Amino acid sequence: KETLAPVLAWATLERSALGVSDRPVPDGLLFIRGPRAARAPYRIAPGAVGGDLFYAAWPADPTQSVDADAAENLTASLHPNAEVEIRDPAVSHDGTRVAFALRPDGSDVFSLWELELASRSASQLTAPGAGSFVQPVYGPDGRLIAAWSGHGEAGADGPGVPPDLVALSPGDHAMERLTFTPAPE
């Protein structure tokens, strides 16, 4: 129960500082529960598997803690027989969807997934083998922007492939490469 108390306290303070305390509270909190891993800066590297994306209802009373033990696992059905690494959840501007990166155990490649929060249905947006996609963000034009390592070009800043930015169109998920630099984006 205490796991999410600091997050809820921070969110309550931030709402107060922004002057939105009197407005409706969010429906809930999305969070990843699982092992933590150190990440190499400016590279897309695998971490520890064993995590999932969870949803916990926002408490009716802001002085109460969020019950992390009662949180709903949103991604367990995506990997019924294997461990995965899930990272970088991003909520859409309208609060109806969440995008995240998922890597199955035994793979070094992250794919982007999107989950509709109302129906809990999830779909894979990028195909495995097309390079890793991480750190999705919903753009103002409806596209999903992400860091991508699939171009295979050597970096000017050291070993490995520095990620560039790509945009995925809604619907068909057509990819447009936005940056072409020898340094990581």
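For this structure, a couple of remarks:
- The chain: most fluctuating residue of Trp58, Trp148, Trp113 per GNM, C-alpha cutoff 10 Å: Trp58
- Accessible area per residue, Å², the chain with all protein chains present, probe 1.4 Å: 55 Å²
- For segment 22-61, the alpha carbon positions stretch 41, 22, 12 Å along the principal axes, listed from largest to smallest.
- Where N is the number of residues in segment 1-134, Cα Rg divided by 2.2 N^0.38 Å: 1.13
- Heavy-atom accessible surface of the chain: percent carbon and sulfur, 1.4 Å: 56 percent
- Model label points for Glu83 and Ile32, set 7 angstrom from Cα along the Cα-to-Cβ axis, are 1.5 nm apart.
- Charged-residue dipole, Cβ positions (Lys, Arg, Asp, Glu), the chain about Cα centre, Debye nearest 20: 180 debye
- Lys/Arg +1, Asp/Glu -1 at C-beta; segment 74-185 dipole; positive extreme among Phe110, Ala127, His93: His93
- Taking 7 Å steps out from each Cα toward its Cβ at Leu178 and Val7 produces label points 2.5 nm apart.
The values are calculated or read from the model by the stated rules, or taken from the named source; none is laboratory data. What you are looking at is a predicted structure, and each value in this text was computed from that prediction instead of being measured. Heads up, the Cβs are rebuilt from the backbone with ideal geometry, glycines too, and the neighbour counts pull from every protein chain shown. In case anyone asks, the SASA skips ligands and DNA or RNA and just uses the protein heavy atoms, side chains included. Shrake-Rupley method; radii C 1.70, N 1.55, O 1.52, S 1.80 Å.
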